[in-house]
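Colleague: Dropping the structure in here first, questions after.
The values are calculated or read from the model by the stated rules, or taken from the named source; none is laboratory data. The structure presented is a predicted model; accordingly, all values stated were derived computationally and were not measured. Here Cβ is always computed from backbone atoms with ideal geometry, including for glycine, and neighbour counts include all displayed protein chains. SASA here: full protein model, heavy atoms, side chains in, ligands and nucleic acids out. Shrake-Rupley method; radii C 1.70, N 1.55, O 1.52, S 1.80 Å.
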Amino acid sequence: MTTRALPWTPPSGRSAQLQPAGKAWDAVRVPHLLGKRALESLGEATGAVIENPYDKVLYWLTTPGTADQYDIDWPPGVEVWGTTAFIEVPPVDCRRGPGVRWRVPPRDQHLTDPAVLLDALQTATREALGPREEAPR
C-alpha cells in the first residue's frame, strides 16, 4: 500500500527551512560518494535531490511511507527518514553556493520511485565496493 503525497512546494525566499518528512515526501539520506554514482545511474528517473555539503550527503525525496512501508535492505550508510524526521530544505532557486542546496531541483514530479532508487543505490554500491556475499540466514 502506497501513501499518497500531499501537494508540496519548496520554500521561497533566501533561507532554508526545516520541513517534516512523512507528509509530502520521505527522504532517503545517502553518503555523497555513493549518491553521486546513483545520481549518474538514475539520469532522468531521479526526482528532486537535496545536497548538504557540510554533512557530505544527498537526500532523495521519495513517496511518503517509504520509511515505514518498504521492508528493504538498503545499502550500508543509507537511511530512510519518515514521519519522525525534519529535513533542511533549500529555497527553490538555491542551486549553488555554501550550505544546503538543490543538486537536482524540483520539477513537476519531485519524488523518486523508491524501488528505482534502491536499484541505482545497489548498483552504485557494487561499483564502489565490489560484489558482496550474502550473509547466511
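Colleague: Top to bottom by accessible area (1.4 Å), largest first, where do LYS23, LYS36 land?
Modeller: LYS23, LYS36
Colleague: Quick check: with the 1.4 Å probe, what order do TYR59, TYR54 take by accessible area, largest first?
Modeller: Working: TYR59 15, TYR54 160 Å².
Sorted by accessible area, descending: TYR54, TYR59.
Colleague: Taking K and R as +1 and D and E as -1, what net charge do the other residues with C-beta under 13 Å from the C-beta of ALA45 add up to?
Modeller: -3
Colleague: Turning to a different aspect of this structure: Please give the helix 32-42 orientation as an angle from the longest Cα principal axis of the chain, in degrees from 0 to 90, rounded to the nearest 10.
Modeller: The two axes meet at around 90 degrees.
Colleague: Can you give the Rg to Rh ratio for the chain, taking only C-alpha atoms and Rh from Kirkwood? Provide the component values of the computation, followed by the final result.
Modeller: Details: Rg = 14.6 Å, Rh = 15.2 Å.
A ratio of 0.96.
Colleague: 222 nm [θ] for the chain, helices only, -39500 (n - 2.57) per DSSP H run of 4+, per residue, to 500?
Modeller: Values: 3 runs with 31 residues, N = 137.
Value at 222 nm, helices only, nearest 500: -6500 deg cm²/dmol.
Colleague: Might you tell me the accessible area per residue for the chain, computed with a 1.4 Å probe and given in Å²? Display every interim value, and only then the final one.
Modeller: Numbers: 8170 Å² over 137 residues.
Accessible area per residue, the chain: 60 Å².
Colleague: Something else now. Calculate the spin-label point distance for LYS36 paired with GLN17, positioning each point 7 Å from the Cα along the beta-carbon direction, and give it in nanometres.
Modeller: Distance between the two pseudo-spin positions: 3.2 nm.
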